[in-house]
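The values are calculated or read from the model by the stated rules, or taken from the named source; none is laboratory data. The model shown is predicted, which means the values in this text are computed figures rather than measured ones. All Cβ positions, glycine included, derive from the backbone under ideal geometry; neighbour counts span all protein chains shown. Areas reflect the complete protein model, heavy atoms only, side chains present, ligands, DNA and RNA absent. Shrake-Rupley method; radii C 1.70, N 1.55, O 1.52, S 1.80 Å.
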Amino acid sequence: TGEDTLSLHDALPISDPAERPDASPRDLVRRADSLRAAGQHAAAAALLRRVVRDHPQDPLARAALLDLAHLLKELGRTDEARCAYRLHLDRHPGAPHLAAEVEKALARLGPGPACDGLTPR
């Protein structure tokens, strides 16, 4: 008929809010938790990285940063884990109860390269 029609893909909403570019930190953390529970640690780490990078002032970012560090360590990505732990200490110096835990985790990882945020140099 010459009318514009929507494809099936266009008519369906994205079923997972975390897949949207404007996903909220809460959506990202929830999806990361689901992925982690399913054993998809690399995918969970990618979503937590988005929270830390895109929403650094959100209250969920502090826990997301620690979760990211732990996941990176589990994945054997020790230089990235070290950077996540260091970034946590830099961003949250007023959290002495966590600082000791983070310092111990850093010590267990040993020395490594300098960091630029979450990225080892």
Practice prompt. Please compute the net charge surrounding Arg50, taking Lys and Arg as +1 and Asp and Glu as -1 over other residues with Cβ under 12 Å from its Cβ.
Written response: -1
Discussion item. If I build a Gaussian network model for the chain, linking alpha-carbon pairs within less than 10 angstrom, which residue out of Arg77, Arg86, Arg49 has the largest mean-square fluctuation?
Written reply: Arg77
Worksheet entry | Long-range tail of P(r) for region 52-100 (Cα pairs > 17 Å, %) | 29
Item to complete: Normalising by the residue count of region 58-121, find the relative contact order in percent from Cα pairs under 8 Å and 6+ residues apart.
Response: 33
Practice prompt. Write down the accessible area per residue of the chain in Å², having rolled a 1.4 Å probe over the full set of protein chains.
Written response: 62
Worksheet, complete the sentence: Length gained if Glu101 through Asp79 is fully extended, taking 0.36 nm per residue and subtracting the Cα-Cα distance, is 6.1 nm
Discussion item. Tell me the carbon and sulfur percent of the accessible area for the chain, rounded to whole percent, probe radius 1.4 Å.
Written reply: 52
Worksheet item: Rg (Å, one decimal) plus Dmax (Å, integer) for the alpha carbons of the chain?
Response: 17.8, 69
Discussion item. Quick query: amide H of Cys115 versus all other amide H atoms, modeled in the peptide plane; which residues come in under 5 Å with a sequence gap of 5 or more or a different chain?
Written reply: Arg121
Worksheet item: Relative contact order, percent, of the chain when contacts are C-alpha pairs under 8 Å separated by at least 6 residues?
Response: 16
Worksheet item: When the chain is fully extended, how far beyond the present Cα-Cα distance does Leu109 get from Ala43, taking 0.36 nm per residue of separation?
Response: 21.5 nm
